[in-house]
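Before any comments, here is the structure.
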Amino acid sequence: MKYLSTVACLICFIACNSSDNQKQTGIHYPSTTKDTSVKDTYFGKEIADPYRWLENDTSAETSAWVKVENDITQGYLATIPFRNAIKNRYKSLYNYEKYSSPFKEGNYTYYFKNSGLQNHNVLYREAEGKEPEVFLDPNAFSKDGTVALSEIRFSKDGSRAAYNISEGGSDWQKLLVIDATTKQIIDDTLLLKFSAASWKGNEGFYYSTYDTIKGGSRLSGITENHKLYYHKIGTPQSRDQLVFGSDNTPLRYVWGSVSEDEKWLFISGSTETYGNNLYMINLGIPGSKLIAVVADMNNQHGVVYSDDSFLYILTDKDAPTGKLIRTPVINPAIENWQTIIAPKPEVLDVSAAGGSLFCNYMKDALSSVSQYDTAGKMIREIALPGKGTAYGFSGKKTEKETYYNFTSYIHPSTIFRVDIETGKSSIYKKPGVQFNSGDYESNQVFYTSKDGTKIPMMITYKKGLKLNGKNPCLLYGYGGFGASITPYFSTSQIILLENGGVYAVANLRGGGEYGKEWHDQGIKTKKQNVFDDFIAAAQYLVDNKYTSRNMLAIEGGSNGGLLVGACITQQPDMCRVAIADVGVLDMLRYHKFTAGAGWAYDYGTSQDSKEMFEYLLGYSPLHNVRDTGYPATLISTADHDDRVVPAHSFKFAATLQEKNKSDNPVLIRIQTNAGHGSVNTEQIIEYVTDKWSFMFYNMGIKPGY
């Protein structure tokens with residue numbers, strides 16, 4: 001069958017055939033066009049891809065399909081009687097002042113603030129003895145709030161700033177330069193991706209971008225040749241100087257960072273999301289050659305601090321949980337590395353402020369922080385307010401104080417100020433969110449996965465809750481790319497908790513909670529461990545009466561969307577509700593879009609080998625949908641997602657709607673003018689409203705609003 005050639009034909013086809021795909025829920029799913037002639041051959045095996053036409057994100061046919069699906073989804077959600085009540089409650093919870101930690105640039109102290117329901121945080125500044133003033137207001141970038149400020153970097157003297165804006169949530173961003181005194185734009189607009197400016201003086205900066213996509217869509221086209229450039233203020237981007245990267249040896253991810261003293265340019269290059277080369281250039285000597293610090297990509301390395309004599313590098317080379325080394329700036333090669341903070345069982349992260357090093361250790365996904373000098377001698381442990389997540393502890397060498405945020409599942413994120421000399425902490429900003437932490441409890445348990453591995457999980461609920469198997473529960477997971485899911489507070493979860501619900505977060509393999517070895521237990525041909533860990537988490541919650549399968553929802557986003565998709569296709573009766581956000585769902589073709597090929601360290605690709613192809617085919621959510629009943633499923637994506645392209649969700653939704661034999665709804669929610677996550681407050685509120693409404697409605701629960 002050929003693709004339908006016009007929007008009118010597609011809409012007619014959907015309308016004329018909708019009765020064939022109507023479930024007892026009353027939902028008229030579109031009988032999405034199938035082209036059975038589209039097939040690929042992998043190692044002699046033919047694989048059909050009948051919905052491939054949905055990969056064309058710029059076609060009129062795809063746009064028409066998106067509109068019909070969104071109309072169906074919004075029509076369904078509009079019938080939920082308590083949807084507006086949830087929205088009003090969440091708006092009231094979200095409506096409180098929000099601040100960032102302050103930072104100093106030139107003669108000013110800057111900070112972000114949101115009065116409550118502003119679409120974007122506003123950047124303020126104040127000079128000593130003067131009233132705060134608005135420096136940059138992203139709410140003025142667009143009428144509908146779909147243009148956002150994503151990065152801002154100041155020159156060393158604070159006289160100029162370069163800031164990134166994202167239009168509709170795209171990772172392709174525009175960079176503008178502003179005079180910090182007059183607040184006037186003073187330069188050409190640059191186009192870049194996965195980068196921010198790193199200034200050298202106030203006349204220019206380094207940044208990275210990909211080659212211009214030739215043909216096809218900028219949102220879905222392959223981006224695999226990242227290059228580092230130097231831009232001089234007042235010149236067009238076309239004249240920028242190439243510093244690192246080439247067409248002969250393309251790298252997918254390249255970053256450049258100028259040291260605080262502006263003596264060195266540090267460059268990281270990698271082809272995948274794990275492992276990088278590390279180089280440096282002496283900026284004090286014109287024409288200096290590239291110096292290789294690490295010339296292989298077998299491990300992860302990053303410069304966290306430098307002085308006149310040494311570089312301080314956080315690395316996992318011969319240290320799966322991380323260690324800090326220092327090496328002479330005049331000869332930084334690996335043979336000259338000296339370990340100054342040895343690896344521990346806990347995972348290490350390091351930041352610097354005021355000439356001190358702050359070591360943030362993670363044990364069982366919980367933070368502890370210690371202050372060290374540059375010789376590796378421990379000065380003190382920083383007293384944290386409880387068990388949870390602490391992050392921040394960064395600043396310039398001249399700073400006398402630093403700031404950090406502390407949060408947990410029942411502790412709203414609070415900003416603390418630390419006196420670097422004494423180590424004393426005090427509250428800087430405490431949020432005014434409507435939540436009484438004392439009414440709730442959050443406990444860590446360890447459960448056993450299929451192969452006997454112990455997996456940690458945090459479970460949060462209201463004190464006094466009866467564990468009788470009747471409580472609504474949302475289980476969240478990620479399990480990939482070495483990312484650690486540590487405790488965090490979200491006003492969204494209040495909706496669940498105050499309605500007698502349970503919020504559970506499992507720290508699955510594939511994440512970074514226990515370092516590189518934990519990560520590697522959930523990649524390539526060990527990816528099934530991640531799904532087994534999540535399925536076992538659900539079983540633990542049921543066995544211990546926190547909930548029942550009929551009251552359980554599972555959720556994940558991006559790699560976590562893959563997790564949800566894989567689990568419901570492997571075990572459809574795992575839960576009552578499934579929520580898969582911006583998921584990687586076509587494991588045979590994920591590497592053919594944007595920077596997807598860089599995820600191969602975790603996934604492998606269908607082209608690597610017959611073994612890898614068969615393994616991916618064995619769990620790829622898109623390819624394992626069968627004619628059976630599935631849980632109530634809400635799939636979400638966005639039209640400007642150029643990280644995990646929406647075609648993943650489009651094809652999975654079409655297949656699931658075609659083959660689902662249960663009465664449970666299978667809906668796809670496609671956000672317009674958004675990317676790999678919501679762009680503004682209004683979109684966040686709408687998404688949270690829809691998520692909880694869908695979950696409660698399909699569990700037969702009426703929230704108490």
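The set of residues from segment 351-392 being over 18 Å from His411 (Cβ atoms), β-branched (Val, Ile, Thr) and assigned to a strand (DSSP E or B) comprises just one member, Ile379. One residue alone among Val254, Val294 is buried (at least 19 other Cβ atoms within 10 Å of the Cβ), closer than 20 Å to Glu224 by Cβ, touching a residue at least 40 places away in the same chain (Cβ under 8 Å) and aliphatic (A, V, I, L, M), and that residue is Val254.
Yes or no, residue by residue, for (1) modelled with pLDDT under 95; (2) small (Gly, Ala, Ser); (3) more than 35 Å from the chain's Cα centre (by Cα):
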position	(1), (2), (3)
Lys2	yes, no, yes
Phe13	yes, no, yes
Cys16	yes, no, yes
Ile27	yes, no, no
Tyr51	no, no, no
Thr58	yes, no, no
Ser63	yes, yes, no
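If the condition is being under 18 Å from Thr181 (Cα atoms) and touching a residue at least 40 places away in the same chain (Cβ under 8 Å), then segment 111-151 contributes Phe135, Leu136. Apart from one condition, Thr407 fits all of (1) outside any loop (DSSP other than H, G, I, E, B); (2) closer than 16 Å to Val304 by Cβ; the exception is (2). Of the residues Thr672, Thr689, Thr681, the single one that is modelled with pLDDT under 95, β-branched (Val, Ile, Thr) and surrounded by fewer than 24 Cβ atoms within 10 Å (Cβ to Cβ) is Thr672. The listed residues are Ser259, Ser198, Ser220, and the only one of them that is modelled with pLDDT of 95 or more and under 25 Å from the mean Cα position of the chain (by Cα) turns out to be Ser198. Within segment 599-630, if we keep just the residues that are charged (D, E, K, R) and closer than 14 Å to Thr525 by Cβ, the residue that is surrounded by the most Cβ atoms within 10 Å (Cβ to Cβ) turns out to be Asp602.
A quick yes/no check of all residues on (1) outside any strand (DSSP E or B); (2) of a type in the set (Phe, Trp, Tyr); (3) at pLDDT below 95:
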{"residue": "Asn299", "(1), (2), (3)": "yes, no, no"}
{"residue": "Val304", "(1), (2), (3)": "no, no, no"}
{"residue": "Tyr312", "(1), (2), (3)": "no, yes, no"}
{"residue": "Lys317", "(1), (2), (3)": "yes, no, no"}
{"residue": "Arg326", "(1), (2), (3)": "no, no, no"}
{"residue": "Ile330", "(1), (2), (3)": "yes, no, yes"}
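State all residues of segment 63-92 that are surrounded by fewer than 19 Cβ atoms within 10 Å (Cβ to Cβ) and either polar (S, T, N, Q) or closer than 30 Å to Val418 by Cα (or both); if no residue qualifies, say none. Listed by number, the residues that qualify are Ser63, Asn70, Gln74, Thr79, Asn84, Asn88, Ser92. Residues of segment 205-226 that are surrounded by fewer than 22 Cβ atoms within 10 Å (Cβ to Cβ) and either in contact with a His (Cβ under 6 Å, 6 or more places away or on another chain) or not hydrophobic (A, V, I, L, M, F, W, C) (or both): Asp211, Thr212, Lys214, Gly215, Gly216, Ser217, Arg218, Ser220, Gly221, Glu224, Asn225.
Here Pro332 meets the list (1) crowded, with 22+ Cβ neighbours inside 10 Å; (2) in contact with a His (Cβ under 9 Å, 6 or more places away or on another chain) almost entirely, failing just condition (2). With respect to the conditions (1) modelled with pLDDT of 95 or more; (2) surrounded by fewer than 21 Cβ atoms within 10 Å (Cβ to Cβ); (3) farther than 25 Å from Asn499 by Cα, Ala566 lacks only one, and its number is (2).
What are the pairs with Cβ atoms under 6 angstrom where one residue, in segment 655-674, is in contact (Cβ under 8 Å) with a residue 60 or more places away in the chain and on the phi > 0 side of the Ramachandran plot and the other, located anywhere, is assigned to a loop (DSSP other than H, G, I, E, B) and surrounded by 19 or more Cβ atoms within 10 Å (Cβ to Cβ)? Sequence gap at least six, or different chains. Listed by first residue and then by second, the contacts come to Asn673/Thr146; Asn673/Gly168. Please work out if Gly388 is surrounded by 15 or more Cβ atoms within 10 Å (Cβ to Cβ), touching a His at 6+ places or on another chain (Cβ under 9 Å) and not β-branched (Val, Ile, Thr). For Gly388, the condition - surrounded by 15 or more Cβ atoms within 10 Å (Cβ to Cβ), touching a His at 6+ places or on another chain (Cβ under 9 Å) and not β-branched (Val, Ile, Thr) - is met.
Give segment 492-543 a look and list any residue that's surrounded by fewer than 22 Cβ atoms within 10 Å (Cβ to Cβ), hydroxyl-bearing (Ser, Thr, Tyr) and either over 16 Å from Cys567 (Cα atoms) or at pLDDT below 95 (or both), or say none. The answer is Ser492, Thr525. Would you tally the residues in segment 617-634 being free of Cβ contacts under 8 Å to residues at least 60 places away in the same chain and within 23 Å of the chain's Cα centre (by Cα)? The qualifying residues number 3. Within segment 415-456, the set of residues being assigned to a strand (DSSP E or B), surrounded by fewer than 16 Cβ atoms within 10 Å (Cβ to Cβ) and touching a helix residue (DSSP H, G or I) at 6+ places or on another chain (Cβ under 8 Å) comprises Thr448 only.
Residues that are hydroxyl-bearing (Ser, Thr, Tyr), touching a residue at least 60 places away in the same chain (Cβ under 8 Å) and within 20 Å of Tyr687 (Cβ to Cβ) number at least 2 in the following helices (runs of 4 or more DSSP H) confined to segment 474-593: 491-497. Scanning segment 81-121 for residues that are small (Gly, Ala, Ser) and within 24 Å of the chain's Cα centre (by Cα) returns Ser100, Ser101, Gly116.
Filtered by the rule that a residue be closer than 21 Å to Phe481 by Cα, part of a loop (DSSP other than H, G, I, E, B) and small (Gly, Ala, Ser), segment 253-297 gives a lone residue, Gly275. Going through segment 332-384 one residue at a time, which ones are over 29 Å from the mean Cα position of the chain (by Cα), among the basic types (Lys, Arg) and closer than 25 Å to Pro487 by Cβ? Residue satisfying the conditions is Arg380 alone. Would you check if there is a residue in segment 216-230 being in contact with a strand residue (DSSP E or B) (Cβ under 9 Å, 6 or more places away or on another chain) and under 28 Å from Tyr124 (Cβ atoms)? No, every residue in segment 216-230 fails to be in contact with a strand residue (DSSP E or B) (Cβ under 9 Å, 6 or more places away or on another chain) and under 28 Å from Tyr124 (Cβ atoms).
The values are calculated or read from the model by the stated rules, or taken from the named source; none is laboratory data. On a predicted model such as this, the values are computed, not experimentally measured, just so you know. Don't worry about glycine lacking a Cβ; one is built from the backbone with ideal geometry, like all the others, and counts go over all protein chains shown.
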